[in-house]
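Q: What follows is a single structure, and I will ask about it in a moment.
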Amino acid sequence: VCIFFFSRVLECQGLPIVNGQCDPYATVTLAGPSRQVLSEAKKTKVKKKTNNPHFDEVFYFEVTRPSSYNKKSHFDIEDVDEVDKMEIRVDLWNASNLKFGDEFLGELRLPLKFLRQSSSYEAWYFLQPRDNGNKSLKPDDLGSLRLNVVYTEDHVFSSDYYSPLRDLLLKSADVEPVSASAAHILGEVCREKQEAAIPLVRLFLHYGRIVPFISAIANAEVKRTQDPNTIFRGNSLTSKCIDETMKLAGMHYLQVTLKPIIDEICQVHKPCEIDPVKLKDGENLENNRENLRQYVDRIFTVITKSGVSCPTVMCDIFFSLRESAAKRFQGDLDVRYTAVSSFIFLRFFAPAILSPNLFQLTPHHPDPQTSRTLTLISKTIQTLGSLSKSKSANFKESYMATFYDYFNEQKYADAVKNFLDLISSSGTRDHKSIEQPILLKEGFMIKRAQGRKRFGMKNFKKRWFRLTNHEFTYQKSKGDHPLCSIPIENILAVERLEEESFKMKNMFQVIQPERRVLYIQANNCVEAKDWIDILTKVSQCNKKRLTVYHPSAYLNGHWLCCKATADNTPGCTPCTGGLPANIQLDIDGDRETERIYSLFNLYMPKLEKMQEACGSKSVYDGPEEEEYSTFIIDDPKETYKTLKLIIEGVGTLEQEHAQYKRDKFKKTKYGSQEHPIGDKSFQTYIRQQSEISAHSI
């Protein structure tokens, strides 16, 4: 059984004004039987200068069996009925700049047992003081909060039940046009695009179809975009799916990239305020600017040097975005960069710096001073990554425009472009691509002859090496014709070579098919590591990559490492790989398909309305009816066919669920271990079934 619910924090009225201001935000947590916190607090945006804030933000929770997910947004239980003992807690806070932290405004606690009696629950609540809070406050003085909580309890069948619907969803990337696919239709009928994106991304990741699906919907969105400056700026299904993919696949990437310096910023508390109005007594504006500049410089450097660590699935998606944007806007040379930077900087790194607790980089929300420092860093990094031509105009505040002058140098733009080139490159050569090969790295190194000629000398020579996302080449000097070209798909492994082989330091080997090996010496250990990392990065998706290799050379009739005499002997040491080819995620495909079925079932009226819209578009050529204008329908006939299959699949699963409930009602006895006497939720279930039976009679 999978229990999934979301809490929509809608609005508040009459919140107290603290020290002449009210900048409220809400946190939502799940608490256990003894009120122990089971989840990290999920936080709304801060609403400035209002005591009647309108939030309308949604937070998702899921309760599973112990053998299932082990994520922090999922909570293991031994018995599903333990859910009755849990509660949702919503705390209201006033965002304060005081050194004592944010002020608590009030809370409410909602037991989940109420939700099991109704799938959706919406009401107004008086905010309550904490149990150990200020006793002088009366509940009426705390204001009130409007909260909408939707509770869903699903039974997940075995995999074969979901085959028709799952197969229909998984072939979405191959449907022409993609707007007629089942996955795209789900995004059209759901109230929030994120509702559809969460289960779709998990399902496609589980079955290895996320890249072609996102490529298809992104390409369709780019074709509908008229202005390159607005590309991927809306909250579309494409944007939400890429956001969700980055959250799932990129969490480890954030940990290794940002966490060390974020920890330092949170611990050291260097003053970094650069707004003269907010400067504290005793602080020096120039010193603060220098502190902030150093932090920005370090974070910028660690980000732009992290391309080799970017997960493969993200790189493949970025490559697709780059290609689609470049084809659509061929006259705009920057759009291939901005299409990628709008996600990796604007939606990934900048939010993680701004709110590190939401990305598991810190356990708690930072204190006000640290939060202010992170806000200033995030703004600057976001602007550096945007590659806009007039960067100073991006800042409303004059002090930010002044500070940004530190970074108005070409080297920063070049570093961003090099980083974007690397994370949006693909090792697979696409002959239809309009892009020129992307230069990733070049420089002089010393190589040993590969012995392509039977009686040739195997001596060492200095050569100019050049790596693009298509091939690895070397020539006598820069600009000369290549003497040797190794396609990226022929790189089977890149590993260090032990010094004993040739009595030379900083050597590595590029292993190719038929046991051919190119031995190379870099100028120093740092260069050697850089070359190994980037060669591994561009070749890590090759299907024939080796799992074992020889760490030493084959000399004088045997391998120096294992003493094997045959030159075609398989390797004796496991390959390091350098980088994970992908992120392994614990995803249950059947659960995600069940969740998608639930969404289709919930929005069945919209599916039927979309069918009507398809019929209207096919028959009439006149102006479109207003109620149909919200749907994207490029091909009415194909869309209608898919809608018909969706409705049939949903209807079949609905019948299976109804039969399961009838069987459960017949077989389960009141007073059994599963449902002991006094189980109010089961009594409610019996009453509901009795009413349904009476209605049927």
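Let's see how each residue does on (1) open to solvent by 50 Å² or more (accessible area, probe 1.4 Å); (2) out of contact with any Leu (no Cβ under 8 Å at 6 or more places or on another chain); (3) more than 24 Å from Lys45 (Cβ to Cβ):
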residue: Leu321; (1), (2), (3): no, yes, yes
residue: Leu361; (1), (2), (3): no, no, no
residue: Glu397; (1), (2), (3): no, yes, no
residue: Met400; (1), (2), (3): no, no, no
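Q: Are there helices (runs of 4 or more DSSP H) fully within region 148-239 with at least 3 residues that are of a type in the set (Ser, Thr, Tyr)? List them.
A: In region 148-239, no matching helices (runs of 4 or more DSSP H) lie anywhere.
Q: While we're looking at this one, here's another question. Within region 443-483, track down each residue that is closer than 19 Å to Leu422 by Cβ, open to solvent by less than 30 Å² (accessible area, probe 1.4 Å) and modelled with pLDDT under 90.
A: Hits for region 443-483 are Thr468, Asn469, His470.
Q: Taking region 14-29 only, how many residues are part of a strand (DSSP E or B) and open to solvent by less than 40 Å² (accessible area, probe 1.4 Å)?
A: Of the residues in region 14-29, 7 are part of a strand (DSSP E or B) and open to solvent by less than 40 Å² (accessible area, probe 1.4 Å).
Q: Another one. Just to check your reading of the model, which residue among Ile647, Ile633 is under 19 Å from Leu237 (Cα atoms) and either at pLDDT below 90 or open to solvent by 30 Å² or more (accessible area, probe 1.4 Å) (or both)?
A: Step by step, each of Ile647, Ile633 is checked, and only Ile633 is under 19 Å from Leu237 (Cα atoms) and either at pLDDT below 90 or open to solvent by 30 Å² or more (accessible area, probe 1.4 Å) (or both).
Q: For region 12-32, enumerate the residues that are over 18 Å from Lys45 (Cα atoms) and under 32 Å from the mean Cα position of the chain (by Cα).
A: Leu30, Ala31, Gly32
Q: Of the residues that sit in region 355-388 and are part of a loop (DSSP other than H, G, I, E, B) and within 22 Å of Phe407 (Cα to Cα), which one is nearest to the chain's Cα centre (by Cα)?
A: Filtering first and then ranking leaves Leu387.
Q: Mind checking which pairs have a first residue in region 656-668 that is at pLDDT below 75 and a second that is charged (D, E, K, R), Cβ under 9 Å, 6 or more apart or different chains?
A: From residues that are at pLDDT below 75, the pairs are Thr668/Glu674.
Q: I'd like to check something: does region 280-289 contain any residue that is in contact with a Ser or Thr (Cβ under 8 Å, 6 or more places away or on another chain), at pLDDT 90 or above and open to solvent by less than 10 Å² (accessible area, probe 1.4 Å)?
A: No, every residue in region 280-289 fails to be in contact with a Ser or Thr (Cβ under 8 Å, 6 or more places away or on another chain), at pLDDT 90 or above and open to solvent by less than 10 Å² (accessible area, probe 1.4 Å).
Q: Scan region 522-536 for residues that are of a type outside the set (Val, Ile, Thr) and either closer than 21 Å to Gly571 by Cα or surrounded by fewer than 20 Cβ atoms within 10 Å (Cβ to Cβ) (or both) and jot them down.
A: Matches in region 522-536: Asn523, Asn524, Cys525, Glu527, Lys529, Asp530, Asp533, Leu535.
Q: Moving on. Looking at this structure, is Lys49 at pLDDT 75 or above and either farther than 19 Å from Thr29 by Cβ or hydroxyl-bearing (Ser, Thr, Tyr) (or both)?
A: When the stated conditions are applied, Lys49 passes them.
The values are calculated or read from the model by the stated rules, or taken from the named source; none is laboratory data. Model, not experiment: these values are computed from the prediction. Cβ sites come from the backbone with ideal geometry, for glycine too, and all protein chains shown count toward neighbours. Just the protein is used for accessible areas: all its heavy atoms, side chains included, with ligands, DNA and RNA removed. Shrake-Rupley method; radii C 1.70, N 1.55, O 1.52, S 1.80 Å.
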